Amino acid sequence: MTSKNTKKLLCVLLTVILTCSLMAQAIFAEDPYESYSYDAWGSAVPSQNGYIVKDTITGADMGLEQLSDPESPLFISETEPAVLNDAKDFYLSPNNEFFIVDTGNNRIIRTDINFNLIACYKTFTGSNLTEEVTLEDGTTEERVVTDLKSPYGIFVDEDDIMYIADRDNQRVIKVGFDCEIITEYTRPDTELYNSVSFYCTKVLVDAAKNVYVICPAVNKGAVMFSPSGSFIGFYGANRVQVTAEVIRNKIWRKFATESQAASLAGTTPVEYANFDIDDEGFIYTVTEVANVSTDALKKLNPAGTNILELTTNAADIEFGDQEAVTYSGTTYVTRLTDVSIGDNGLINILDYTSGRVFQYDRECNLLFIFGCDQEAQNGGFDNPNAIECLGNLIYILDGRNDDITIFEETLFGSYVHEAAELFNRGLYEDSVDLWEEVLKRDGNYNMAYIALGRAYLNEDRYDEAVEYFKLAFQDDDYDRAFESRRKEMLRNNFTLIVIIVAALLIVWIVLGIFKKKGKIPKKLIATGVGWVVDKAKPAVTGLVAKIKEGGKKK
C-alpha cells in the first residue's frame, strides 16, 4: 500500500471515529439519566425516557441584573441580587406567567412564559400587622410590616391577584400587582386552632375564592378561610397511618389506667406538604414525611373526601419509589414534596429524596419516572422544591442550584400519553396501534400489555387477550378473558357436544337392552364399547382440550 493510500485510509478512519464520538455525545445529551419503571412484581425495570431535559433557566437567563441597574425601569437598588436564593415555590398562573418565590431574597419574581423578567415584588402597603424595630440609637419602636419575610408559597388567580404565604410574618396576603394588600389571613382567633403560631408554607384558592393554607404545625388538614378572611375550619385531614405500634396502643388503652394511657404515644395524623387544584376544582394533596404510605396522594372533593380511592386503584398503589435508594452508605426513602396536575389530567409528583418525577394518569397508572438526584448524576437536582407543568413541558425548581429545569416530552412519551388517554376513556380498540408502537420501543411497558389485552377482549379475540393478560400478570382480566373464551368454545361446539352425548347414550341403552336379552355376549359388548371409546376418544379429548385450553392459572 502506498503512502498516499495510507494517508487516505487514516483520514477515513479518523472521520469515522469523530462521527461516532459526536453521535455518542448527542446520545448522552439526550439521555442524562437512567429511566426505569416497575413491573407487575414491583421490581424496577429499565424503560424508555418519556421526557428529556430541554433547558435550564438561571437568574441571569431571567435578566435579574435589571433589578440592580439604575437605568432599568425594573431597578430596585444597586445591591439587589441578580440570582435566586433558596427559592421554595413557583406558580404558573392562568395567564401563563411564572411567579417565583425567591425565599432567601424575600421577594417574588414575575416572568413571562419564556422566563423574561416582568416585575419583582418585595414591599407591600396596607398591612394591619406591626413589628418591633430597633433604631440606630438602640431604642425600639412599633412599625407596620411592609416587607416579605421568608415567603414560602404563592397562588395567582385568573384576575392576577397574588396570594403569598409570608411564612416568618405568619400571614397570607392577598394583593394585586400594585402591591396594595387587599386581605390579610392571620392566625385564627378560635379555640379550634390550638397552635400558638401561624407559620404558613403553602396557599391555594378555589373557584369560590376560599383560601386554603398549609401550616406544618397543624395536622388537622389545611386551614380554610372565607374570601373575607374569616376562619372556616380545617379541610381534608390525613388519616392516621396504621402501624404495629398504633394497633398495640389502641388495644392497650382499653385496659390501661388513666395514667398509663397518658404515657402512651399519641396517634395523630401526619400533615401534608403541598397541594394543587385541577380545572374541575378537585384538590390534590401529597404527604412528604418519609415512610408514610397512608394518604400519600389524595384527591379531595369540596367536602374534603378523598375520592381517589373510590374511583381508582389508588388504595393499592405505593406512590413514588417502591424501593429504598442508597447513596454513599445512607438509605433514603420517598418524600413527596409537591404535586402538579396538568391540563391533560396527568398527575406529576416530585420526590424530594431522589429528585425524580413520578407521573401517573388520572386512573393512577404509573406512566413515567424521570429526573434524578444530583449525587447520582451531574446536572441532577440538589434541592427540588416545586414542580409545574404546561402542555408537554414539565418545570422543576431547584432551591440550591437556584435554577429551573425544563423537561420536554419525547416521541415515546407522546405515544404513551395519547394511548393512555384513549385507554382511560374506554376506547381500547382505538389505542391498539399506539400501544403496539410503545411495545416496539419498550418491551417492558406493562400497561401496554394490559391495554392490548382489554382491546382484544372487547373485540372477542379471546386467545390474544389471554396471552397479553398472561404477559402482564393481570389475574382478574386474565380470568375474565379465559371465562369468555370457554363460553365461546361451548357455544361454537354445542351441537357437536349434544350429538356425541346423545349418540353415546343411545349406544349405551341399546347395548343394555341386548345384554338383558342375552343376544350379545359380554365379551363382545366389552369389545364393542372399547371400540367406540377408542374411536370417540380423540374427538372428545380434542374438544375438552379446546375448552380447557388456557384455563390453568399462571
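Taking segment 119-132 on its own, how many of its residues are surrounded by fewer than 16 Cβ atoms within 10 Å (Cβ to Cβ) and closer than 30 Å to ILE394 by Cβ? Of the residues in segment 119-132, 1 are surrounded by fewer than 16 Cβ atoms within 10 Å (Cβ to Cβ) and closer than 30 Å to ILE394 by Cβ. When ILE161, ILE154 are checked against the criterion of being touching a residue at least 24 places away in the same chain (Cβ under 8 Å) and crowded, with 16+ Cβ neighbours inside 10 Å, ILE154 stands alone in meeting it.
For segment 106-164, give me every one of the strands (runs of 3 or more DSSP E) that falls completely inside it and has 2 or more residues that are modelled with pLDDT of 95 or more and of a type in the set (D, E, K, R). Talk me through it step by step, then tell me what you get.
On the way: elements: 107-111, 117-121, 130-134, 140-144, 151-156.
Correct list: 107-111.
Checking ARG425, ARG454, ARG491, ARG441 one by one, the residue that is open to solvent by 20 Å² or more (accessible area, probe 1.4 Å), on the phi < 0 side of the Ramachandran plot and modelled with pLDDT under 80 is ARG491 and no other. Determine, yes or no, whether ASN385 is without any contact (Cβ under 8 Å) to a residue 60 or more places away in the chain and of a type outside the set (Phe, Trp, Tyr). Against the criterion (without any contact (Cβ under 8 Å) to a residue 60 or more places away in the chain and of a type outside the set (Phe, Trp, Tyr)), ASN385 does not qualify.
If only residues of segment 291-345 that are at pLDDT 85 or above and among the charged types (D, E, K, R) are counted, the one that is most open to solvent (accessible area, probe 1.4 Å) is ARG335.
With respect to the conditions (1) under 25 Å from VAL211 (Cβ atoms); (2) out of contact with any helix residue (DSSP H, G or I) (no Cβ under 6 Å at 6 or more places or on another chain), VAL145 falls short on a single one, namely (2). The condition of being within 25 Å of SER43 (Cβ to Cβ), aliphatic (A, V, I, L, M), in contact with a strand residue (DSSP E or B) (Cβ under 8 Å, 6 or more places away or on another chain) and touching a residue at least 24 places away in the same chain (Cβ under 8 Å) holds for VAL416. The residue pairs whose first member lies in segment 95-115 and is among the small types (Gly, Ala, Ser), whose second member is surrounded by fewer than 23 Cβ atoms within 10 Å (Cβ to Cβ), and whose beta carbons are closer than 9 Å, counting only pairs six or more residues apart or on different chains, are GLY104/PRO81; GLY104/ASN85; GLY104/ASP86; GLY104/SER150; GLY104/GLY399; GLY104/ASP402. Of the residues that make up segment 214-235, is at least one buried (at least 20 other Cβ atoms within 10 Å of the Cβ) and among the small types (Gly, Ala, Ser)? Yes - at least one qualifying residue is present in segment 214-235. Scanning segment 29-87 for residues being on the phi > 0 side of the Ramachandran plot and among the β-branched types (Val, Ile, Thr) gives a total of 0.
Looking only at segment 346-360, count how many residues are touching an Asp or Glu at 6+ places or on another chain (Cβ under 8 Å) and open to solvent by less than 10 Å² (accessible area, probe 1.4 Å).
If we filter segment 346-360 for residues that are touching an Asp or Glu at 6+ places or on another chain (Cβ under 8 Å), which is where we start, we get 346-347, 349-358.
So of that shortlist, the ones also open to solvent by less than 10 Å² (accessible area, probe 1.4 Å) come out as 347, 349-351, 354-355, 357-358.
So the answer is 8.
Test GLU409 against the stated conditions and say whether it is among the acidic types (Asp, Glu), closer than 17 Å to SER37 by Cβ and modelled with pLDDT of 90 or more. Full working, then the answer.
Values: among the acidic types (Asp, Glu): yes; closer than 17 Å to SER37 by Cβ: yes; modelled with pLDDT of 90 or more: yes.
It is true that GLU409 is among the acidic types (Asp, Glu), closer than 17 Å to SER37 by Cβ and modelled with pLDDT of 90 or more.
Taking the criterion of being in contact with a Phe, Trp or Tyr (Cβ under 6 Å, 6 or more places away or on another chain) and not in a helix (DSSP H, G or I), the only residue of segment 54-68 that qualifies is ILE57.
For segment 94-118, the set of residues classified as surrounded by fewer than 18 Cβ atoms within 10 Å (Cβ to Cβ) and closer than 30 Å to ASP279 by Cα consists of PRO94, ASN95, ASN96, GLU97, ASP112, ILE113, ASN114, ASN116, ILE118, listed by residue number.
The values are calculated or read from the model by the stated rules, or taken from the named source; none is laboratory data. Note that the coordinates shown come from a computational prediction; the quantities given were computed from them, not determined experimentally. A quick note on method: Cβ atoms are made from the backbone with ideal geometry, for glycine too, and the neighbour counts reach across all protein chains shown. Accessible surface areas use protein heavy atoms only, side chains included; no ligands, DNA or RNA. Shrake-Rupley method; radii C 1.70, N 1.55, O 1.52, S 1.80 Å.
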